[in-house]
Amino acid sequence: MRNVMTIEDSLALMRRHAAAWNAHDVQALLELLTDDCIYDAAAGSRPEGARHVGHAELEPAFRAIWAAFPDARWDDAEHFVDGEKGFSTWVFRGTRPDGIRVTVNGLDVLRFRDGLICHKDTYRKAVTA
């Protein structure tokens, strides 16, 4: 039997998810994700972006984001729930190792299963010069 989440359960999960990203806490993130969670990154060589499946792939993918932006933050998050889907909007702010500051708006589309996130699909604006 599947764990049915209330809207409040889903919102609380999404708030913990956002906090773990901002804390750069990979273990806290993995605890919020199913073992077979799919992460579709905002960029990559495929139409859905780079795809990472399962904790063994997610951990290095998440750490790579923090390595690329050591001060990464996802600010001004707003969370919305529709059944087994959640939507989080945010403003990404970070500084690359070369000193370039990046600020972009973004969106996560999340799917829930058994009280955890089973799919994270990330979209973000592209800033041009």
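If you scan the stretch 5-17, which residues turn out to be free of Cβ contacts under 8 Å to residues at least 12 places away in the same chain and not in a helix (DSSP H, G or I)? Please lay out each step first, then the result.
Initial filter on the stretch 5-17 (free of Cβ contacts under 8 Å to residues at least 12 places away in the same chain): 6, 8, 12.
Residue satisfying the conditions is T6 alone.
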Next on the checklist: Let me spell it out: the conditions are (1) loosely packed, with under 15 Cβ neighbours inside 10 Å; (2) assigned to a helix (DSSP H, G or I), and A20 meets all of them except one. Which number is the exception?
Outcome noted: (1)
Item to check | Test: A50 is surrounded by fewer than 17 Cβ atoms within 10 Å (Cβ to Cβ), at pLDDT below 95, of a type outside the set (D, E, K, R) and touching a helix residue (DSSP H, G or I) at 6+ places or on another chain (Cβ under 9 Å) | outcome: yes
Checklist outcome for this item: In the stretch 45-100, anything charged (D, E, K, R) and touching a Phe, Trp or Tyr at 6+ places or on another chain (Cβ under 9 Å) is listed as R51, E57, R73, D75, D76, E78, E84, K85, R93, R96
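Among what's in the stretch 84-128 and is in a strand (DSSP E or B) and of a type in the set (D, E), pick the residue that is farthest from A23 (Cα to Cα). Steps first, please.
Step one: of the stretch 84-128, the residues in a strand (DSSP E or B) are 85-95, 101-113, 116-124.
Filter once more, keeping what is of a type in the set (D, E): 108, 121.
On the way: D108: 18, D121: 20 Å.
Applying the filter and picking the extreme gives D121.
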Item to check | Which numbered condition E78 fails, given (1) of a type outside the set (K, R); (2) part of a strand (DSSP E or B); (3) in contact (Cβ under 8 Å) with a residue 40 or more places away in the chain | outcome: (3)
Checklist entry - Just for the stretch 88-126: of the residues that are closer than 23 Å to E48 by Cβ, among the small types (G, A, S) and touching a residue at least 40 places away in the same chain (Cβ under 8 Å), which one is surrounded by the most Cβ atoms within 10 Å (Cβ to Cβ)? => result S88
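Regarding D71, is this residue of a type in the set (D, E, K, R) and closer than 26 Å to S10 by Cβ?
On the way: of a type in the set (D, E, K, R): yes; closer than 26 Å to S10 by Cβ: no.
In short, no.
The values are calculated or read from the model by the stated rules, or taken from the named source; none is laboratory data. Treat the numbers as computed from the prediction; the structure is a model and nothing was measured. Neighbour counts are summed over all protein chains in view; Cβ atoms, including those assigned to glycine, are modelled from backbone coordinates with ideal geometry.
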